[in-house]
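Taking it in order: structure first as structure tokens, then the write-up.
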Amino acid sequence: MIQIHGPPNPWFFGLEPDAEQGANAFFTEAATLGAALDAYAAHFGVRVVPMTDISHLGYQPGERKFFEFCDPPEEAGFPVDIHVIRGAEEICPKQDLDFPLQPGDRIDLGMLVC
């Protein structure tokens, strides 16, 4: 199983979930990052899409790195950085929606870190 942490999960805000908050954790059998994000978005009624322009964040125009988290899905959202935690390794797949996932991976949708 793949676990996803992000809004509205408490991990996004740096909090350790209690039993009630832990119910917001999301699990999927998705094989790719794109499929996992689609399942997460459908479950929580949100939109998670690659950002097409991050130059306003201080990055080069055309650089493909972050995603936009939109809640509600029809409105503009805020940028999130997506990392895959695989054992002791933290991987930044950037916007590779075909990035292959392995059982036990954890996907973190979080604040911009890299």
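The table for this structure:
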quantity: Sparse-neighbour loop sites [GluC sites (Glu not before Pro); the stretch 31-106; at most 11 other C-beta within 10 Å; DSSP]; calculated: Glu74, Glu75
quantity: Cα-based shape type of the stretch 27-103, given that a ≥ b ≥ c are square roots of the gyration tensor eigenvalues and the cut on a/c is 1.5; calculated: oblate
quantity: Surrounding net charge for Asp105, when Lys and Arg each add one and Asp and Glu each subtract one, Cβ distance under 12 Å; calculated: -2
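Read the figures in this text as sums done on the coordinates, not as results from a lab. Computed from a prediction, not measured in an experiment: that's the story for all the values here. In this analysis, Cβ positions are derived from the backbone assuming ideal geometry, glycine residues included, and neighbour counts consider all displayed protein chains.
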